[in-house]
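Quick notes on the structure that follows.
Bear in mind these aren't lab numbers, they're just calculated from the coordinates by the rules spelled out. Note that this is a predicted model, so its numbers are computed, not measured. In this analysis, Cβ positions are derived from the backbone assuming ideal geometry, glycine residues included, and neighbour counts consider all displayed protein chains.
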Amino acid sequence: MNACKNEPVSGVACSGGIGIGNVVLLREYPVKKDAPRGGDPQLEIERLKEAAQKYKAHTLLLADKVEAKLGRTDADIIRSHIAIAEDPEANMLVRKLISSGQSAEEAVSGVSRIYFNMFQNSEDPLLSQRTADILDIRDSLLDILTDGIQYGQYAEGSVLAGKNIPPSLVSGLLDGKIAGIVSENGNETSHCAILAKALRIPMVSGIGNIYDVVSKDDKIIVDGTAGEIIIEPDEDTVLLYEKRRKEYTDKISRLREFAGKETKTVDGCKLSILCNISGINDLRKVKASDGEGIGLFRTEMLFMASPKAPAEEEQFSIYKSVVLQMDGKPLVIRTLDAGGDKEIPYLDFPEEENPFLGIRGIRFSLKEQKLFRTQLRAILRASAYGDIKILIPMISCVEELVSVKEIVKEIKTGLDKEGIAYKKDIQTGCMIETPSAALMADELAKEADFFAVGTNDLIQYTMCADRGNSSVSYLYSAMQPAVLRLLKGICSAAGSRGIGVCICGESAANSMLLPVYLALGIKTLSVNPDAVLELRENISKWSLSDAERKAESVFDMSTEEEIYAYLSNLRVN
Ligand code: PEP
Ligand code: MG
């Protein structure tokens, strides 16, 4: 029995949408009783061999089905399990345990436990998330060894709930019967979540003590967009969520029509919608949402996720892998933007009263040049493999950009001497996110190959309103006339020098501001991957001439209230 009937229980949003159904509880780890000890080792090894062959055949079949429905990348997740199951070291260990008198089941369980613990304790978040894969493989092998049925038949509208949901189980759910998934472990980047997203099954993870919270056959609502579940909802709640589910599915199918299409206005003006990412894991989202490239790779997340600064080789292989996966589409790599609210414990930051106004972004990189040069070398080397551009954060005066260019030049000379390839004409862009950079845009445009407007910071520094402080959030708006006037100046300076402007702050996806961006001649917007298709739809509704005619007047308005009221009326037209 659960204590929270009809009350939302918060978890982690893993796969969007709303599912309503009845709970099917999945087995809790450890799921199988190990077979009794003392079999004939030769016989046990034969049983294991046979089970491993069946497992491989079944998994390959499953992967083919997934590939037919979802494509290669998702199928490869399933295929990767075969490689793990065939790992020679693990197999040697299993055989050793069998030779010492254990049954095949015991040996599989024992070795899985060793790998599970090793992965769980790993400092690498990617490895620690792979624990679910280990459990998945173990359970499949044990199922086969004990003649169990892993890929169960579920009734229409079932919501799977369990501590860990194995990815192979999710990939077996191609018949569309599953209404949702709820788990205790896992997050948005776990394989189960990735597959759930691809199959459009709403999923919420992070529900602590799941076996106390949900019970078998409970009616349940899974709101995978909000990251909430509601157990035993009353009739009104069900009606409300049925309505929301319909709205969500209508919107998704409407937006899917925009995947694979060009981004252009009614009168044929083409734009590019790029994506903001923080790491290689986000690429899946970029591809799923049909992003046209990466407009902002926030590399500080690589530094934050690591116990020490990632070495040149490590960074190089990440940047190279990302650009290769972009298949010729642009990749804008922003150099480390540490400082402010982005603390990196192992870096040597001074104690500061106002870290947002202190050693942040390029100020830190120019101070700690060894780190900066390592990163630039890694970026330059990776640029031999695709369309990479360098982006410099927190520029507040021309001298900073000039110094950066000098350093880039020196590194290029070094690479030339070593005969290492890089993109000779690589572009260096400048973030415009401080008022001083905006005011000096005409001078910066002489040095920069492109501008990326970071409205998140530009608003905070222009309005002197901390972006994270809710008590001044009334001032923090991209529709403040001061911010829009700066934006106009930036675009006009860039226009006179013929360099491109991309907006990469959150306001890039703001549909009310879209006519303003169009009127200012902005052709590139970089947004969260989830926002791509909606933005493409919005762009398709506007004509450039209409936007120019209608948006021009906002630059003469004197208050945010006036601009907001005006633009919200334009939106409904
Ligand atoms: C910005 O300031 O708008 C921006 C894109 O950078 P960040 O949010 O990483 O500071
Ligand atoms: Mg910024």
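In the chain, helices alone account for a calculated mean residue ellipticity at 222 nm of -14500 deg cm²/dmol, with every DSSP H run of four or more residues adding -39,500 (n - 2.57).
Cβ crowding within 10 Å, taken as a proxy for footprinting-reagent exposure, orders THR434, THR335 from fewest neighbours to most as THR434, THR335. For the chain, relative contact order (Cα pairs under 8 Å, six or more residues apart, normalised by length) works out to 14 percent.
Calculate, for ALA482 and LYS261, the FRET efficiency according to 1/(1 + (r/R0)^6) with r their C-beta to C-beta distance and R0 35 Å; round to the nearest 0.05. Calculated transfer efficiency: 0.45. Which of the pairs LYS219/LYS243; LYS424/LYS446; LYS287/LYS488; LYS285/LYS405 have their Cα atoms more than 28 Å apart in this structure? LYS287/LYS488; LYS285/LYS405, as the Cα separations exceed 28 Å there. Computed over region 301-402, relative contact order equals 39 percent, with contacts defined as Cα pairs under 8 Å that lie 6+ residues apart.
Basic side chains Lys and Arg get +1 at the Cβ, acidic Asp and Glu get -1 at the Cβ, and with that the dipole of the chain about its Cα centre reaches some 1400 debye. The relative contact order of region 180-255 comes to 24 percent, based on Cα pairs under 8 Å that sit 6 or more residues apart. Taking the number of Cβ atoms within 10 Å of each Cβ as an exposure proxy, the fewest-first ranking of LEU415, LEU62 is LEU415, LEU62. Oblate is the label for region 41-145, because a/c, from the alpha-carbon gyration tensor with a ≥ b ≥ c as root eigenvalues, is 1.5 or above and a/b does not exceed b/c. Placing unit charges on the Cβ atoms only, positive for Lys and Arg and negative for Asp and Glu, gives region 257-568 a dipole magnitude near 980 debye about its Cα centre. Across the options SER80, LEU347, ASN528, the greatest Cα extent toward the positive end of the charge dipole of the chain (unit charges at beta carbon of Lys, Arg, Asp, Glu) belongs to SER80. Span-like helix check, the chain: qualifying full DSSP H segments, with Cα axial length of 27 Å or more and mean Kyte-Doolittle of -1.0 or more, are 41-70, 398-418.
Residues ARG113, ARG284, ARG377, ARG138, arranged from fewest to most other Cβ atoms within 10 angstrom of their Cβ, appear as ARG113, ARG284, ARG377, ARG138.
For LYS49, the lysines whose Cα falls under 30 Å of its own Cα, not counting residues fewer than eight places away in the same chain, are LYS32, LYS33, LYS65, LYS96, LYS163.
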